[in-house]
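Everything on this sheet refers to the single structure shown next.
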């Protein structure tokens, strides 16, 4: 019984550490990333480079109308296709990959980086299915 309680406490501590780590990363990222609501994203996306960082299969299943796919797994190779003088709007399913891509872009000198706050899973705008 005590082994079960110890395992449960260990699991809870690990989950707590993960949650705290995630929020610390988001807090740090707010210095160089704008987190946009669906409405803010829609308003600015016509003048921005809208990038879906999910893999090709989920992108083909459905994506925001006008978005380009640069999967995070190939992002470090193909980020050079982006113009640093234009805003970059990133999104993925729930902003985990977008945060990583934004951090990388910031290190490469990009300054106008935004992320869809609720991710694609809660997007209520126009989509395209391939």
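The values are calculated or read from the model by the stated rules, or taken from the named source; none is laboratory data. This is a predicted model, so every value here is computed, not measured. Cβ atoms come from the backbone with ideal geometry, glycine included; neighbour counts cover every protein chain shown.
Just a few scattered comments:
- Filtering segment 88-109 to residues that are out of contact with any helix residue (DSSP H, G or I) (no Cβ under 7 Å at 6 or more places or on another chain) and crowded, with 21+ Cβ neighbours inside 10 Å leaves 95, 98.
- The condition of being outside the structural domain of residue 110 (by TED's automatic domain parsing) and either out of contact with any helix residue (DSSP H, G or I) (no Cβ under 7 Å at 6 or more places or on another chain) or under 23 Å from residue 114 (Cβ atoms) (or both) holds for only one of 13, 53, that being 13.
- Check on residue 75, surrounded by 17 or more Cβ atoms within 10 Å (Cβ to Cβ), modelled with pLDDT of 95 or more and more than 9 Å from the chain's Cα centre (by Cα): yes
- A Cβ distance below 6 Å, combined with a sequence gap of six or more or placement on separate chains, defines the contacts here; from segment 109-128, residues that are closer than 16 Å to residue 62 by Cα reach residues that are surrounded by 17 or more Cβ atoms within 10 Å (Cβ to Cβ) and at pLDDT below 95 in the pairs 119/95.
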